[in-house]
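Below is one structure, written out as structure tokens; comments come after it.
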Amino acid sequence: MTRLRPNPYMYITWIAKYLVGERSCQWATWFKTNYRDYQKVRNTFDSARWNMEHTDLLNEFADRLEARGCKLFIERQNSFKAVSSNSELVIQGRPDIIAVDPEGRATIYDVKTGQQADSHVTQVQLYMYLIPRSNDGRWRETTFDGGLVYRDGTEKPIPASSVDDAFVKRVGEFIHRMLSENAARRVPSAPECKYCDIGRADCSERVESEGE
């Protein structure tokens, strides 16, 4: 049964795709930010296969980082929550790897088994911005670089300077819309709704894909 959350909640991946326009229906994230226990659409994604491929790529890259002399923190070691003192919003995330090189420089990496996407960059930038401000005191005031690693061997660096005032402003504006009492804009379409797990019980405008 759908219920209002006691505190608004967001996950990093909910934010990244909207900031770069890969998702348009802001209502879906507004709803999940403010409501829980909704009826979900059955998920047909092959998570077991994805997890195995992702784990293989992560371990391969971790071996390369250790060969460079880096100290690593992997997956669950990196789980964090950032809580707003004004709205009590909780933003949660978990980057794949945090690496500290022999010179003490810290870099956040995410490994991706699919095609390159702009939202991957934004996801890492959000980690870079929020982790120093999170409940994980190890990284307080740390300035992070970032990086993406793809299955074809591509490594994409993300400099600390990319998390600038303009980026922070865009994040703040998006979060402000998600915390509004007024529902955000709905943009229902077959491609948009295909990757949304909110069922018709809560979204009467949902466009059903074939086979749902």
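The values are calculated or read from the model by the stated rules, or taken from the named source; none is laboratory data. Everything quoted here is computed from the prediction, not taken from an experiment. Using ideal geometry, Cβ is built from the backbone for each residue, glycine included, and neighbour counts are taken over all protein chains shown. With ligands, DNA and RNA removed, areas are computed over all heavy atoms of the protein, side chains included. Shrake-Rupley method; radii C 1.70, N 1.55, O 1.52, S 1.80 Å.
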What are the residues in region 93-137 that are touching a strand residue (DSSP E or B) at 6+ places or on another chain (Cβ under 9 Å), assigned to a helix (DSSP H, G or I) and more than 13 Å from P159 (Cα to Cα), if any?
-> H120, Q123, L130, I131, R133
Under the condition of being over 27 Å from W50 (Cβ atoms) and of a type in the set (V, I, T), which residue from region 113-148 is most open to solvent (accessible area, probe 1.4 Å)?
-> T143
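Looking at S84, S79 in this structure, which one is surrounded by fewer than 19 Cβ atoms within 10 Å (Cβ to Cβ), within 25 Å of R177 (Cα to Cα), in contact with a strand residue (DSSP E or B) (Cβ under 9 Å, 6 or more places away or on another chain) and of a type in the set (G, A, S)?
S84
Looking for something touching a Gly at 6+ places or on another chain (Cβ under 8 Å), surrounded by 12 or more Cβ atoms within 10 Å (Cβ to Cβ) and assigned to a loop (DSSP other than H, G, I, E, B) - is there at least one such residue anywhere in region 56-76?
No, there is no match, as no residue in region 56-76 is touching a Gly at 6+ places or on another chain (Cβ under 8 Å), surrounded by 12 or more Cβ atoms within 10 Å (Cβ to Cβ) and assigned to a loop (DSSP other than H, G, I, E, B).
Of the residues E173, E181, which is over 21 Å from the mean Cα position of the chain (by Cα), exposed (fewer than 14 other Cβ atoms within 10 Å of the Cβ) and not hydrophobic (A, V, I, L, M, F, W, C)?
E181
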Output the residue which, of all residues in region 2-48 that are surrounded by fewer than 19 Cβ atoms within 10 Å (Cβ to Cβ) and assigned to a strand (DSSP E or B), is modelled with the lowest pLDDT.
-> K40
Residues of region 155-169 being open to solvent by less than 50 Å² (accessible area, probe 1.4 Å) and either charged (D, E, K, R) or part of a strand (DSSP E or B) (or both), in sequence order, are I158
